[in-house]
Amino acid sequence: MMEGMPPAAPMDPRVATVVDWFAREARDLPWRREDCTAWGVLVSEVMLQQTPVVRVEPVWREWMARWPTPADLAAASQADAVRAWGRLGYPRRAKRLWECAAALVDRHGGEVPPGEEALLALPGIGAYTAAAVRAFAFGERDVVLDTNVRRVIGRAWRAQPLPPAHLTRTEREHAAALVPADTTASVEWNAGSMELGALVCTARAPRCDECVIAADCAWLAAGSPGLDAAPRRTQAWHGTDRQVRGRIMALLRAAHAPLNITGQASLEDVEPGQLDSCLASLVADGLVTVADDRRGLYSL
Ligand code: SF4
């Protein structure tokens, strides 16, 4: 059990219903299978942080076939890892995963450790990923609190249309109190509430008529207030730095030799200042290398 986690009260009926629903309806995903290693779970959690399952699954399969252990990835180059990340987005995650593999080899004999402290000390592993790895790879009782779980709890228990922008202490304490005392049920609740949020209690168009806890949902009972008025947190995509960085990375992934990025016809619509700053940020993040400064050539 996570340090400081309170003992659970008797299981809330909504929690029990989600646990039962998950046992019946869980998607068959490769990282949920019994033969999946802790490394496979860790890779899936890093990939799933900002990317949906449908895009992650094929990349995860290729990744695990190529680098089935941390030692295999640590022996590859960072550029190979970034290239294999493909179009999952936020490629800093590939770099951090590669660094994490090296740290696992150096500190833990190439194994993923089960302890919270050891996990949190790894590159790119924050509180959420550490809790998810402990729960889903090692079957530990923990609080796994991603945006989907926060939304389900916020609506079903607190009648909130969307959770606050940042995780609050109240939310964390409430979520911890809901985790079932039984370890197996706790893992199923963590996975099931996440699945319910991803498939049914979605951010913009929750399918309450298909929801197993609709009869006890506080937000539905209150008349589903506030969703239209809630601010959208997503930024327009076209023209953002993230989009430009993604386009630069796509060009470099496809190239077999260093490229002059500022001379690429396909980037002519990008303001020179923005292109320069995006290139500089990719170099600063360690994702892109200056191959020839004088000729303006870059590579992964
Ligand atoms: S009833 Fe609707 S709002 Fe409530 S938990 Fe289910 S899907 Fe979400």
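The values are calculated or read from the model by the stated rules, or taken from the named source; none is laboratory data. Quick caveat: nothing in here was measured; it's all calculated off a predicted structure. A quick note on method: Cβ atoms are made from the backbone with ideal geometry, for glycine too, and the neighbour counts reach across all protein chains shown.
Determine which member of the set Ala177, Ala218 is more than 23 Å from the chain's Cα centre (by Cα), surrounded by fewer than 19 Cβ atoms within 10 Å (Cβ to Cβ), more than 13 Å from Arg155 (Cα to Cα) and touching a residue at least 60 places away in the same chain (Cβ under 8 Å).
On inspection, the qualifying residue turns out to be Ala177.
I want to confirm something. Restricting to the stretch 35-44 and keeping residues that are of a type outside the set (Gly, Ala, Ser) and surrounded by fewer than 22 Cβ atoms within 10 Å (Cβ to Cβ), which single residue is farthest from Ala84 (Cα to Cα)?
Asp35
Kindly indicate the residue of the stretch 184-199 that is of a type in the set (S, T, N, Q) and more than 10 Å from the ligand (Cβ to nearest atom) and also farthest from the chain's Cα centre (by Cα) among those meeting that condition.
Thr184
Say whether the condition of being assigned by TED's automatic domain parsing to the domain that holds Gly89, of a type outside the set (Val, Ile, Thr) and away from the ligand (no atom under 16 Å from the Cβ) is met by at least one residue in the stretch 155-164.
Yes.
Identify, from the list Gly109, Gly124, Gly139, Gly192, the residue that is without any contact (Cβ under 8 Å) to a residue 24 or more places away in the chain, within 30 Å of Trp67 (Cα to Cα) and in the same structural domain as Thr17 (by TED's automatic domain parsing).
Selected residue: Gly109, the only one of Gly109, Gly124, Gly139, Gly192 that is without any contact (Cβ under 8 Å) to a residue 24 or more places away in the chain, within 30 Å of Trp67 (Cα to Cα) and in the same structural domain as Thr17 (by TED's automatic domain parsing).
Would you call Arg151 without any contact (Cβ under 8 Å) to a residue 60 or more places away in the chain, more than 12 Å from the ligand (Cβ to nearest atom) and not β-branched (Val, Ile, Thr)?
no
Is it the case that the stretch 225-236 has a residue that's at pLDDT 90 or above, within 30 Å of Val152 (Cβ to Cβ) and out of contact with any Leu (no Cβ under 6 Å at 6 or more places or on another chain)?
So far as the stretch 225-236 goes, yes, one or more of its residues are at pLDDT 90 or above, within 30 Å of Val152 (Cβ to Cβ) and out of contact with any Leu (no Cβ under 6 Å at 6 or more places or on another chain).
With Thr262, Thr202 as the choices, which residue is within 16 Å of the ligand (Cβ to nearest atom) and polar (S, T, N, Q)?
Checking each option against the conditions leaves just Thr202.
If a residue has to be surrounded by fewer than 19 Cβ atoms within 10 Å (Cβ to Cβ) and touching a helix residue (DSSP H, G or I) at 6+ places or on another chain (Cβ under 9 Å) to count, how many in the stretch 60-76 make the cut?
The total comes to 9.
Need at least 3 residues that are among the polar types (S, T, N, Q) per element, so show me which helices (runs of 4 or more DSSP H) inside the stretch 194-300 make the cut, counting only ones lying wholly within it.
Per the criteria, 272-284.
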